[in-house]
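The structure under discussion appears below in the form of structure tokens.
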Amino acid sequence: MTRSRTARLLRSLSLWVMIALIGGLLVGAAAQAWGVTEGAETFVVVEALGQLWLNALRMTIIPLVFSLLVTGIASIADAAATGRLALKAVVVFALMLVGATIYGILASQGLHALWPIDPAGGQLLLAGAGGDAVVRESVSGGGLTAFLTSLAPSNPVRAAAEDAILGIVVFAIVFGFATTRLPDRLRQPLTTFFEAVSETMVVIVHWVLLAAPFGVFALSVGVGLRAGLGAAGVLGHYVALVVLALIGLILLTYVVAVVFGRLGLARFAGGVAPAQVVAFSTQSSLACLPVMVDRAKNALGVSSATAGLVLPLAVAVFRITSPVANLAVCIYVAHLHGIALSPGVLMAGGIAAVAISVGTVGLPGQVSFFASIAPIALAMGLPLEVLPLLLAVEVVPDIFRTIGNVTADLAAARIVEGGDAAGEV
């Protein structure tokens with residue numbers, strides 16, 4: 001099965017997963033209304049099947065994250081080595097990612113301060129989603145000293161076994177950059193091996209996601225049984241906060257493009273609008289590439305050479321919405337569980353979010369959701385049990401993720417081009 005066909009299949013599953021979520025909530029709520037207790041044998045078996053599905057997803061996290069980071073860093077290093085223009089593009093991508101990560105933390109925390117989670121609804125959702133799950137010890141829970149020492153795991157194998165994801169991420173980054181210093185005869189087999197590992201993990205995740213409607217249904221039955229329909233409002237609140245954070249990022253990207261790309265706001269907005277329409281309809285940055293190249297050259301004053309290099313590179317290695325949306329999810333989970341987010345915890349999440357954004361670019365939305373958010377949640381010491389329910393309502397945020405990525409890609413191309421934009425729209 002080709003990657004594009006697989007991506008289309010996974011997108012078609014989104015509707016079924018949403019139907020499964022709603023159906024599970026209704027079945028559980030109906031059982032609650034009929035006086036069925038959560039200890040009923042049938043529902044125990046159903047929830048066990050849901051937990052089995054969740055565990056099948058979780059087993060791929062460490063090998064997938066490590067292999068994706070190694071191959072992602074190798075691809076960025078190869079691109080930067082191809083010339084000055086590519087190196088400039090990589091620097092622009094890196095600066096925009098760091099800025100987006102800082103914004104993502106501040107925006108999500110601010111949104112929760114302005115519009116907090118309804119305590120009653122949050123407790124209902126947690127009660128149904130295994131809210132008594134053990135909260136993992138954060139890598140930064142012991143202060144700055146503990147945070148710094150966690151960046152270099154003394155035993156990477158033990159760190160992987162203990163879900164000490166931040167140390168694994170740092171080790172994978174160092175390992176990835178180290179591979180770029182090897183001669184070709186050693187580097188190519190090594191990167192090919194990790195590419196094969198990542199592709200194998202993705203295949204496994206695809207298999208697991210084929211059962212997503214059943215897994216989400218099984219998990220949401222338990223939510224409906226314990227919480228009735230009271231949890232639905234919390235899921236809507238979650239979608240609203242993530243979308244608001246992404247809209248803020250898109251607006252901020254306009255400002256960056258105007259200031260550093262040296263062109264008018266109306267011109268940039270008009271130039272990117274057709275690409276945003278395609279992004280809205282396809283939810284695929286790759287599908288937007290032809291129209292992005294056209295708009296960059298004919299509307300934004302970007303040369304053919306810059307557009308032809310920067311935009312394909314951006315689609316391959318740059319996804320500015322990844323740290324913003326992923327941190328928004330993790331921060332929501334933290335607030336849902338009432339977990340305090342210290343500066344060290346947020347820093348750990350930010351580092352993981354930036355690194356993970358490099359590795360997960362190009363994966364279908366359903367795959368990248370768990371592959372990117374779960375490691376960040378582990379780095380912040382957060383439970384994972386509620387993530388499948390959030391995956392079920394990812395359809396709307398994913399639209400804004402793609403629109404934000406396409407907007408940032410065109411802004412980056414304009415910035416890399418440099419100088420004042422010539423010509424008229």
Expected unfolding gain across S342-A316 under the 0.36 nm per residue rule, minus the alpha-carbon gap, is 6.0 nm
Note, the stretch 286-299: 3J(HN,Hα) by Karplus (6.51, -1.76, 1.60, θ = phi - 60°), whole Hz, Gly/Pro = x, goes 4, 5, 7, 4, x, 5, 5, 4, 4, 5, 4, 6, 9, 10
Ordering 214-220, 238-244 by per-residue average of other C-beta atoms within 10 angstrom, highest first, gives 214-220, 238-244
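For R401, R84, what's the fewest-to-most ordering of other Cβ within 10 Å of each Cβ? It would help to have the intermediate numbers written out before the result.
Details: R401 28, R84 8.
Ascending number of Cβ neighbours within 10 Å: R84, R401.
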Highest mean packing first, using Cβ neighbours within 10 angstrom, the peptides 59-70, 292-303 sort as 59-70, 292-303
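Sort 265-274, 327-336 by the packing proxy (mean of other Cβ within 10 Å over each peptide's residues), most packed first.
On the way: 265-274: 17.4, 327-336: 25.6.
The most tightly packed comes first, giving 327-336, 265-274.
Each value in this text was obtained by applying a stated rule to the coordinates, not by laboratory testing. Owing to the predicted nature of the structure, the values given are computational and were not obtained by experimental measurement. Glycine also receives a Cβ, built like all others from the backbone with ideal geometry; neighbour counts cover every protein chain displayed.
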